[in-house]
1. Given A628, A623, A646, which one is surrounded by 14 or more Cβ atoms within 10 Å (Cβ to Cβ) and either at pLDDT 70 or above or in a helix (DSSP H, G or I) (or both)?
2. Restricting the search to the stretch 81-94, which residues are hydrophobic (A, V, I, L, M, F, W, C) and farther than 18 Å from K160 by Cα?
3. Would you please name the residue that is farthest from D512 (Cα to Cα), looking only at residues in the stretch 525-552 that are in contact with a Gly (Cβ under 8 Å, 6 or more places away or on another chain) and not in a strand (DSSP E or B)?
4. Search the stretch 263-279 for residues being among the small types (G, A, S) and exposed (fewer than 12 other Cβ atoms within 10 Å of the Cβ), and hand back the single one that is nearest to A221 (Cα to Cα).
5. Return yes when G52 is without any contact (Cβ under 8 Å) to a residue 60 or more places away in the chain and small (G, A, S) and no when it is not.
6. Answer yes or no as to whether E500 is at pLDDT below 90 and more than 23 Å from N554 (Cα to Cα).
7. Consider only pairs whose beta carbons are under 6 Å apart and that are at least six residues apart or on different chains; among these, list those whose first residue lies in the stretch 533-558 and is assigned by TED's automatic domain parsing to the domain that holds L514 and whose second residue is polar (S, T, N, Q).
Amino acid sequence: MIVKKVKNQNDKPKAWQIGDLLDYIRHPHNRNPQEKIEYAGGRNFISGTHNGQKLEMISLARESAHSKMPVTHWIFSWQEGEQSTREQVEELVNIFLERMELTGHQAVYGLHHDTDNYHLHIAVNRMNAETGKVVQPHKGFDKEEAHKIVALVEHKQGWKSQENTRYAVLENGELARRHKSQEVKPKQAALDFEHAKGEKSAQRIAQERGHDILKNAKTWAELHQKLTKAGLRFEQEGSGAVIFVGEIAVKASSVGRDVSMGKLCKRLGDFVSGNYPENGPEAPITIPPEPVSSVNFEEWKIYQAEFVGQTKTPPVPEENTELAQAKKRHREERKNALSRLAKFGLPILNIARHCLKVQQAEELRQLRQTQRQKPKKRRGRPRFETWLRAQGLSTQADRWRYRAGLEPAREPQRPQGENMDANVPELHTFERYAAAVGAERYRVTCIHMDAEGGKKTFILDKKDGATRGFTPDELAGRMPEMQKLQRRGENIYYTPLSGEKHHILIDDMTADSLDRLSKDGFLPAVILESSPGNYQCLLTVPKLLTGFDRDVGNRLTERLNRLYGDKNLSGCIHPHRAPGFENRKLKHRREDGGFPQVRILFAERRECGKALELSRQIDREYADAAKAQRERPRVVSSGRLGDPVAAYYAHLENIRKHLVIDDYSRVDAMIALRMRSNGHSRDDVAETIRQCAPTIREGKEGRNWQRYAERTTDYAFGMAGDVDMAKNERYRELWRRVEGIEERERETSRIRMR
């Protein structure tokens, strides 16, 4: 059995879509003579007729003003030769509505067959008739739940499962996801070590030597015994466990998801510690360094022999010691100066404090500058690539840098297409970038700029007007295509997309603003140099999942960019330059005709706690504003228009999308002018401004809001408003669409026609 969620046709009105869908479910032969109806039914309707149920569903769906289409269409299809009975259809519908948390919602279903295939169509209204709210099953992950429903129905009714199904029902009746592999990729820190030194990380050694032992051991004694022979040891640490490779500890869960401490205890019983002697035949064997790649193997052996026995931990740099001593001396100077000058009073003390601070800051600046000019001393073992280039082996160094393309067997399988040869630096850069960002999908935008400043934009994965982005593996497979686009003159941009976290972009940063960002406690996951002296950074911030996520993300982006970056950037979902590709703006063209490459200056998987605190503050502001709006008496429009308060907030959100708001009085004036243009009365506009204007301010302002509303209304309905309305005549249709006036007029017209 397979399941499919059918995409809605957004180009048609809501009533037409629902009517056509229900007609097709009940009477498929009218559309396709080869398709016949075997059985049909409906749930939670007053009427027992087809036309009556259709009108009921349309009427309820129209009440969902915030949902373009609350009715969803699902298809469950059996394999060739399988035929469902009416009882089995009813059981499937019961399971579907219960698992989707839509029991009690309107549903129409019909069993069709054409040739040898039977399939069930289900149309369900997500609009709850009692609460008046549109239900979002499983927070939008309804397709995943649908696959679980398929597994349950197959198990209960005895249908044959399709190949590569996502879920299966175990012997105990529990649902379990089918995993192709429990392999865990090494963490980015381990990969960075392997790239730098050319040898396997402790995590990779633990995975290769220990995973099968941990997975297949029948007792704790057997586990400890076999790990000892492999040169490893297993110890409990807190509520988890670690595997020691020599003296380096690796979390057991990072070796494999199926060998964590919890899963091992569930399989082997309570933990029993092992006996690992340090000396003698029973001690774990010493694991020598192992090459991580067959590329440059002979050179790696020479490199390893040259630095054998050298400590891996570099000594503390001399310059750091000198800087620490200077800072300690400065603290003593400040302490002595304050104790001497305290008797002269606070004004003299503050002057002395300021002068001393400036003097010490200048001394530290000069010290750092002097240290930068000193020749750097080699500390510890150099990077393998650096060593290769120092030996004059540039070709071998390039082979090492792009070794992923020379070892396809060690890399994840890519989609078939163009050959991924060794010369794909953009792929290596993307993998480093993606490991730090950790987004679920990435939208790829291409912008071509001509000499006159014109732009042509297209989205690489856009199909039928929709874009979902690429998974990291899908995007990696598209890298040759993106290289061709760049050679054609395209500017490549990434937009990271995730369901439960924001990826906040701060654009057009300078070295000074980057430094201020760091000092203020904001921790970016990625820092890019988009052009010489110009930077972009990405902050990972978990979503609060409170219903204001998009607004909170936009406000957070707006605030951070106003402080550190582009003052005109406000959207939380925003493209940025793709690292590894060129910035092909004409102003950046070099004398040789080339363009600067977008470089990664920093990349580390981490969340920004400071930004999370700020997002919680913004969320509270939205919650307080929503509460105040609910408690405020409703302004009733004097005409055929909708709620003036709703109109106010609709215009506010529209303005926020296009402008950076730094003057809320100007925003109120713009909204008043728009509302006048749409036909709201002077009294309605004044009362709305009085009520709503205080709610959008971040702090309390001690002003007379009644007088403020009157002044704003005097402008909108006065001579100045007449002039501004004439200037903005071309936007009047847009202002009507913001309030949804045309849609209400069409609905009213349809009702009258009936």
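The values are calculated or read from the model by the stated rules, or taken from the named source; none is laboratory data. Remember, it's a predicted structure, so these values are computed and weren't measured experimentally. Glycine gets a Cβ as well: all are built from the backbone with ideal geometry, and neighbour counts include every protein chain shown.
1. On the way: A628 fails: surrounded by 14 or more Cβ atoms within 10 Å (Cβ to Cβ); A623 fails: surrounded by 14 or more Cβ atoms within 10 Å (Cβ to Cβ).
Testing whether each residue is surrounded by 14 or more Cβ atoms within 10 Å (Cβ to Cβ) and either at pLDDT 70 or above or in a helix (DSSP H, G or I) (or both) leaves just A646.
2. To start, the set of residues in the stretch 81-94 that are hydrophobic (A, V, I, L, M, F, W, C) comprises 89, 92-93.
Selection gives V93 alone.
3. The extreme case among them is K543.
4. From the stretch 263-279, those among the small types (G, A, S) are 269, 273-274; that's our starting set.
After this cut, where a residue has to be exposed (fewer than 12 other Cβ atoms within 10 Å of the Cβ) as well, the list is 269, 273.
Working: G269: 12, S273: 8 Å.
The qualifying residue nearest to A221 (Cα to Cα) is S273.
5. Numbers: without any contact (Cβ under 8 Å) to a residue 60 or more places away in the chain: yes; small (G, A, S): yes.
Yes: the conditions hold for G52.
6. Values: at pLDDT below 90: yes; more than 23 Å from N554 (Cα to Cα): no.
For E500, the condition - at pLDDT below 90 and more than 23 Å from N554 (Cα to Cα) - is not met.
7. Pairs that qualify, where the first residue is assigned by TED's automatic domain parsing to the domain that holds L514 and the partner is polar (S, T, N, Q), are Q536/S530; V541/S615; V552/S615; N554/S570; L556/S615; T557/S570; E558/S570.
Rundown of residues vs (1) in a helix (DSSP H, G or I); (2) touching a residue at least 24 places away in the same chain (Cβ under 8 Å); (3) loosely packed, with under 12 Cβ neighbours inside 10 Å, yes/no style:
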residue	(1), (2), (3)
Y24	yes, yes, no
P33	no, no, yes
S64	no, yes, no
E91	yes, yes, no
